[in-house]
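These notes are about the structure you will find just below.
Please treat every number below as a calculation from the coordinates, not as lab data. The structure presented is a predicted model; accordingly, all values stated were derived computationally and were not measured. Here the Cβ positions follow ideal geometry from the backbone for every residue, glycine too, while neighbour counts run over all protein chains shown.
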Amino acid sequence: EDQVTQSPEALRLQEGESSSLNCSYTVSGLRGLFWYRQDPGKGPEFLFTLYSAGEEKEKERLKATLTKKESFLHITAPKPEDSATYLCAVQGAAGNKLTFGGGTRVLVKP
Amino acid sequence: DGGITQSPKYLFRKEGQNVTLSCEQNLNHDAMYWYRQDPGQGLRLIYYSQIVNDFQKGDIAEGYSVSREKKESFPLTVTSAQKNPTAFYLCASSLESIDTQYFGPGTRLTVL
């Protein structure tokens, strides 16, 4: 059974204080690892897909990396508008479902 | 504008009633999904459909039913058999089942 664990559960940052979120996973035959951002009361917004170990993707202040056992979402010099819950999910060999972690709630204070 | 719409945004239901949540997409995606989100928990898959007139149970299908009569639409019915239906329901779609899933804005269901 595919499993995803995200840590920490919550993260409080000062504006400009860089940090990293962790997503540890076990999956049979990784097809893709996905990062989403979710604001309160809204649907998840797609950020990145990573397919193989060593792959990295960037978007503005966010950078996602992937190893064979975990993924990191690095937030560089965050701003208050980066406050959100960040969700990690994996898609295994069956390819027809995503398994999600519990998410990391990020609060960036000005 | 292409996207996924869900309605209503908020829904209140009395115990013993069935309710239907709407999900429509104009992205020309073949695959559609329903997830449930509870506080402090990850999203859990209820049902998915890879093609019109076909759908499969996800991890927590008991007490729910779906139909896929049109490519654009994938309504979810929460039946009275669902013991704890209060939750945030999310619909998603992808070009094919192995592709990135994109989510709608969600429907918050509350049982009174």
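A few comments on the model shown:
- Nearby lysines by direct alpha-carbon distance to B:K71 (threshold 23 angstrom, same-chain neighbours under 8 apart not counted): A:K97, B:K9, B:K57
- Evaluated with a Cβ-only charge set (Lys, Arg +1; Asp, Glu -1), the stretch B:60-99 carries a dipole of roughly 160 debye about its Cα centre, given to the nearest 20.
- Dividing the Cα radius of gyration of chain B by its Kirkwood radius returns 0.94 for Rg/Rh.
- The relative contact order of chain B comes to 35 percent, based on Cα pairs under 8 Å that sit 6 or more residues apart.
- Pairs of Cα atoms nearer than 8 Å and 6+ residues apart set the relative contact order; for chain A it is 38 percent.
- Look at the dipole of chain B built from charges on Cβ: of B:Y89, B:L109, B:I4, the Cα furthest out on the positive end belongs to B:L109.
- The local environment of B:R36, defined by Cβ-Cβ distances under 15 Å, has a net charge of +3 under the rule Lys, Arg +1 and Asp, Glu -1.
- Cβ-derived FRET efficiency at R0 30 Å, A:S18 paired with B:I51, nearest 0.05: 0.10
- Modelled label positions at B:S22 and A:E55, each set 7 Å beyond Cα in the direction of Cβ, lie 3.6 nm from each other.
- A simple spin-label model places pseudo-atoms 7 Å from Cα toward Cβ; at A:D39 and A:L107 they are separated by 1.8 nm.
- Among B:F12, B:F55, B:F88, the largest mean-square fluctuation in a Gaussian network model of chain B (Cα springs under 10 Å) belongs to B:F12.
- Placing +1 on each Lys and Arg Cβ and -1 on each Asp and Glu Cβ, with no other charges, gives chain B a dipole about its Cα centre of roughly 480 debye.
- Net charge over other residues, Cβ less than 15 angstrom from the Cβ of A:G101 (K, R count +1; D, E count -1): -1
- For the protein assembly as shown, a simple Cβ point-charge model (Lys and Arg +1, Asp and Glu -1, everything else neutral) yields a dipole of about 460 debye relative to the Cα centre.
- Extended-chain gain in nm, criterion 0.36 nm per residue less alpha-carbon gap, B:K14 and B:S73: 18.7 nm
- Cα pair distances of chain A binned at 5 Å [whole percent]: 2, 13, 25, 25, 19, 10, 4, 2, 0
- Fully extended contour minus Cα-Cα distance, from A:E9 to A:K68, at 0.36 nm per residue: 19.1 nm
- Neighbour net charge for A:K42 - beta-carbon separation under 12 angstrom, K R +1, D E -1: +1
- Pairwise label distance in nanometres, A:S28 with A:A94, each label 7 Å out on the Cα-Cβ vector: 0.9
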